[in-house]
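The values are calculated or read from the model by the stated rules, or taken from the named source; none is laboratory data. It should be emphasised that the depicted structure is a prediction, and the values quoted were computed from it without experimental measurement. Here Cβ is always computed from backbone atoms with ideal geometry, including for glycine, and neighbour counts include all displayed protein chains.
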Amino acid sequence: MWLKLGESEVINLDYIASIKKTPSQPNIEIIYQDLNNVKTLPFPGTEERDRAFKAILDNLSRMKLFFE
């Protein structure tokens, strides 16, 4: 499955181990299954990061329901 990030990027969820918020900075980290590759998505502030993280979770939840 693929997840769209913004207007110009998609990631293949088959290779993702976790997606998490960075507690000390307004970032979202995408950690790949090999655990050596980490993609950091920076945001201007924690509110924007939290809104984006919620949107990612909502999209993943909808995809899960669709495939059940």
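Structure above, values below:
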read-out: Considering residues of the stretch 10-36 that are polar (S, T, N, Q) and at pLDDT below 90 only, the residue nearest to the chain's Cα centre (by Cα); value: Asn12
read-out: Subset of the stretch 36-45 [exposed (fewer than 15 other Cβ atoms within 10 Å of the Cβ) and among the aliphatic types (A, V, I, L, M)]; value: Val38
read-out: Hey, Thr46 touching a strand residue (DSSP E or B) at 6+ places or on another chain (Cβ under 6 Å) and polar (S, T, N, Q) or not; value: no
read-out: Residues (touching an Asp or Glu at 6+ places or on another chain (Cβ under 9 Å) and either of a type in the set (A, V, I, L, M) or on the phi > 0 side of the Ramachandran plot (or both)) located in the stretch 1-28; value: Met1, Ala17, Ile19
read-out: Top-ranked residue in the stretch 23-35 [being loosely packed, with under 15 Cβ neighbours inside 10 Å and not aliphatic (A, V, I, L, M); ranked as farthest from Ala55 (Cα to Cα)]; value: Asp34
read-out: Lone unmet requirement of (1) exposed (fewer than 11 other Cβ atoms within 10 Å of the Cβ); (2) at pLDDT 95 or above for Phe66; value: (2)
read-out: Residue check, Phe53 among the hydrophobic types (A, V, I, L, M, F, W, C) and more than 13 Å from the chain's Cα centre (by Cα); value: no
